[in-house]
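Structure first, commentary second.
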Amino acid sequence: MIKLVRTNSENEDFILLVKQLDAYLKITDGDEHDFYNQFNNIDVLKHIIVAYKNGQPVGCGAFKAFNNTTVEVKRMFTLPETRGKGVASVILKELEDWAKELNYSNCILETGIRQVEAVEFYKKNLYNIIPNYGQYVGIENSLCFKKNLNK
């Protein structure tokens with residue numbers, strides 16, 4: 001069974017998972033890692049979910065306000081050995097529910113086109129591809145998504 005904990009960026013398990021995420025992204029992003037990494041400072045994140053299985057942290061996700069109606073999903077990650085078991089979907093759903101509780105109506109996010117599993121995951125969770133936003137405009141390897149939480 002998966003236990004979800006709402007927390008903030010000071011959570012040690014979240015910090016540990018993000019270090020593993022960054023190591024993974026350094027490989028998949030290649031030469032572009034430094035560009036993407038500049039937008040992944042966790043200090044600004046106040047809404048974080050850490051998933052636990054048998055008392056061990058197995059995944060995480062976060063969001064931050066993008067504007068008055070929209071949050072941006074950040075730092076989604078599950079340990080390789082727990083992938084394909086629904087952990088990420090449970091985390092994402094909890095983030096969406098939390099955002100709705102705070103009166104946000106949309107989630108947006110960016111992922112890399114090389115992260116094929118992530119692209120399929122967001123599509124499966126009813127996110128639609130949108131034009132790249134903000135710092136991702138004109139970045140060929142970025143793919144941006146949006147989901148309306150009120151549908």
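The values are calculated or read from the model by the stated rules, or taken from the named source; none is laboratory data. Note that the coordinates shown come from a computational prediction; the quantities given were computed from them, not determined experimentally. All Cβ positions, glycine included, derive from the backbone under ideal geometry; neighbour counts span all protein chains shown.
Here are the numbers for this structure:
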{"item": "Condition broken by L126, with the remaining ones in (1) modelled with pLDDT of 95 or more; (2) at positive phi; (3) over 15 Å from the mean Cα position of the chain (by Cα) satisfied", "result": "(3)"}
{"item": "Filtered residues of the range 95-127 (kept if among the polar types (S, T, N, Q) and surrounded by fewer than 19 Cβ atoms within 10 Å (Cβ to Cβ))", "result": "N103, S105, N106, Q115, N125"}
{"item": "Of residues in the range 20-58 being closer than 23 Å to K93 by Cα and charged (D, E, K, R), the one modelled with the lowest pLDDT", "result": "D43"}
{"item": "Residue list for the range 138-151, restricted to those being at pLDDT 95 or above and surrounded by fewer than 18 Cβ atoms within 10 Å (Cβ to Cβ)", "result": "K146, N148, L149"}
{"item": "Whichever residue in the range 107-123 is out of contact with any helix residue (DSSP H, G or I) (no Cβ under 8 Å at 6 or more places or on another chain) and either over 15 Å from F77 (Cα atoms) or not aliphatic (A, V, I, L, M) (or both) and, among such residues, is modelled with the lowest pLDDT", "result": "E117"}
{"item": "Elements of type strands (runs of 3 or more DSSP E) in the range 44-151, at least 1 residues being hydrophobic (A, V, I, L, M, F, W, C), under 21 Å from K3 (Cβ atoms) and touching a Cys at 6+ places or on another chain (Cβ under 8 Å)", "result": "47-53, 56-65, 70-78"}
{"item": "Counted residues, the range 72-89 - those being within 23 Å of Y52 (Cβ to Cβ) and either surrounded by 23 or more Cβ atoms within 10 Å (Cβ to Cβ) or under 12 Å from the mean Cα position of the chain (by Cα) (or both)", "result": "8"}
